[in-house]
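The values are calculated or read from the model by the stated rules, or taken from the named source; none is laboratory data. All of these numbers come straight from a predicted model, not from anything done at the bench. Ideal geometry is used to build each Cβ from the backbone, glycine not excepted, and the neighbour counts take in all protein chains shown.
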Amino acid sequence: MSFAISNTAGLARLPPTSRRATPASLLLFALSASSLVAPSHSMRTAGPQSKRTLSPYAQPTCPLNRDTCPATIGSRSFHSTSHNRKPQFTYHVAASYSAKQDRFNAEQNLFTRPVYDPSESKTTDLRECKESIDKRQRAKSGQDAFFFSQVGNTSATTFGVADGVGGWVESGLDPADFSHGLCEYMACAARSWPHGSNTTSLHPKHLLQVAYDMVTDDANIEGGGSTACLAVAEADGNIEVANLGDSGFMHLGLNAVRHFTQPQTHAFNTPYQLSKTPQRMLVQMAVFGGPATLSDLPKESSVTHHKVRHGDVLVFATDGVWDNLSPQDALSIVSRHMVDLGAWVEKDGTIEVGQDLTKLVQADSARKADSSSLQAKVAVAIAKEAKETGLNTRRDGPFAKEVQKYYPGENWHGGKPDDIAAVVAVVLEEGFPRSKL
C-alpha cells in the first residue's frame, strides 16, 4: 500500500530568497513495510525550555559530529532461523504529528494506515494518480508532508518527509501545496515503478527528481519550496537515504545511535531546498530586477547507505523535531519506550532484542497495526516531546544553541514552536525466534 501526507504550519521563516519558513507539522502513519529518517537542524523561533534529565539508556555509541558511525554500522552478524538463507526484513511504520498552532493530541495526531489504497488504482499516469488523492484528507500537519509506498510489485518500500518553506507565504502561496504535492507524486511514482524507468532498481534521488519534475509541470501548484528526506528500504536490509535540506533521518539500534544525518545548509538557518517560482514572479523579476529565489536540485541531495538489523528503529522527521530534540534526546526517548515495552530487554548488563517484537509491532497479517502498536507509541512519544520542548521557555534546544553560536547578541533561549512530523519504523527480521501471537 502507499500513501502520501504533508503538513505545513507554524512559524514563518525568512523569505524564499534567504530561508524557508519554520512551519512544520507532523503526520503519522503505520504500515508493515517502511523505514524512517532522522535529524538535521535549522534555525527557528521558539520559547525557552527547562533542563531535562536523559534516560540512563541514552548512551550513544557513535560520534554525533560525524555523518556516519565508525565501522560498527552493519558489522554485526544477523540472526536468522536458517544459516542457508539471507535474512529478510519488514518495516513496521507509524507517524505522529502536530501543526504549530494546534495542541498535541496523542490519539488524533497519529497515523497508522495509508491515506489511500494503491491497489484500488491501476493507473500508471502520475498526474492522474496524484489528482485522485483528496486534498481534504491530508493530515492536519501544517506545511510538513510525508509519504509511504510499496515500490511497484517488489518487496521494497519507500517513505520520506518534506518540509514546506514558509517564506513563500509572503508571496501569496501556500507552502503546503508544494510539500504535499511532492510527497504525493513520490508515492505515485513509487507504486507505478518501473513504468517509465530504465533502471533495475529505484533510488531515492531518482524518485525525488521524478516528483520534482511533476510538481514543476503541475499548473495546480503555482509555486513554493520544500526540503526532503526519503529512503528506499529493501527486504534484504539495505536502505538508501537521500536528504536535501534540514529534515533528517536517525538510525538507532540497541541503545546506540548508528547514524544521524547532517543538515545541508547554504548558511545558518538557510537550508538547501527545492523550489518553483511562479510565472508572475519571474515576469516581475525580469521587469524590475531583484534577487532570484533560492533553488537547489534533487541531484544535490546527500545520499547514504545503511544496513539494518532486527530490532532497529528508524526515525524520519522534519526540523520541527530536530530543532527541539538532540540526538541524545531522541535516543533517550526511543530507548526508554523500547525497554519499557519489552522490545529491547536488559540481560547480563547488555541490551538485546526482546522475544515479543513481532507481537509488539502487530506484524500478524490478519490485522493492521493500530495506536497500541510499538511503532505508534514510539512515534507519539517523539512528537509529544518535541511539541512540549518547543513550547518550553526554560530549556535551550538545538535551535537555541545554534542561535547563540551564530548570533550571541540575540539572547535566544528556549525551544522553537513549529510544525512537527515524525515517522518511526521498527525493523523486524522474518523468522527471527519469537513468542507465539
Counting only residues in segment 311-364 that are free of Cβ contacts under 8 Å to residues at least 12 places away in the same chain and in a loop (DSSP other than H, G, I, E, B), the one nearest to Trp412 (Cα to Cα) is identified as Gly349
Please verify whether segment 250-260 includes one or more residues that are surrounded by fewer than 18 Cβ atoms within 10 Å (Cβ to Cβ), on the phi < 0 side of the Ramachandran plot and touching a strand residue (DSSP E or B) at 6+ places or on another chain (Cβ under 8 Å).
-> no
Test Gln375 against the criterion of being more than 24 Å from the chain's Cα centre (by Cα) and either in a helix (DSSP H, G or I) or free of Cβ contacts under 8 Å to residues at least 24 places away in the same chain (or both), and give yes or no.
-> no
Test set (1) closer than 30 Å to Lys86 by Cβ; (2) modelled with pLDDT under 95; (3) of a type in the set (A, V, I, L, M, F, W, C); (4) out of contact with any Asp or Glu (no Cβ under 6 Å at 6 or more places or on another chain) - Trp412 fails condition number | (1)
Tally time: how many residues in segment 375-421 are farther than 21 Å from Asp246 by Cβ, in contact with a helix residue (DSSP H, G or I) (Cβ under 7 Å, 6 or more places away or on another chain) and crowded, with 24+ Cβ neighbours inside 10 Å?
-> 1
Test: Ala189 is assigned to a helix (DSSP H, G or I), modelled with pLDDT under 95 and either surrounded by fewer than 24 Cβ atoms within 10 Å (Cβ to Cβ) or touching a Leu at 6+ places or on another chain (Cβ under 8 Å) (or both) | yes
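Out of the residues in segment 307-325 that are over 16 Å from Asn255 (Cβ atoms) and aliphatic (A, V, I, L, M), which is surrounded by the fewest Cβ atoms within 10 Å (Cβ to Cβ)? Walk me through it before giving the result.
We begin by selecting, within segment 307-325, every residue over 16 Å from Asn255 (Cβ atoms); these are 307, 316-325.
Those still in the list that are aliphatic (A, V, I, L, M) too: 317, 321, 325.
Details: Ala317: 37, Val321: 38, Leu325: 28.
So, considering only residues that are over 16 Å from Asn255 (Cβ atoms) and aliphatic (A, V, I, L, M), the one surrounded by the fewest Cβ atoms within 10 Å (Cβ to Cβ) is Leu325.
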Looking at segment 218-229, is at least one residue touching a residue at least 12 places away in the same chain (Cβ under 8 Å), among the acidic types (Asp, Glu), surrounded by fewer than 18 Cβ atoms within 10 Å (Cβ to Cβ) and not in a strand (DSSP E or B)?
-> no
What residue, of Lys405, Lys387, Lys401, is among the charged types (D, E, K, R), closer than 29 Å to Gln108 by Cβ and part of a helix (DSSP H, G or I)?
-> Lys387
Determine whether Phe432 is part of a loop (DSSP other than H, G, I, E, B), more than 24 Å from Glu107 (Cβ to Cβ) and either without any contact (Cβ under 8 Å) to a residue 60 or more places away in the chain or of a type in the set (A, V, I, L, M, F, W, C) (or both).
-> yes
Taking segment 335-371 as the search range and keeping residues that are closer than 25 Å to Glu385 by Cβ and polar (S, T, N, Q), which one is surrounded by the most Cβ atoms within 10 Å (Cβ to Cβ)?
-> Ser335
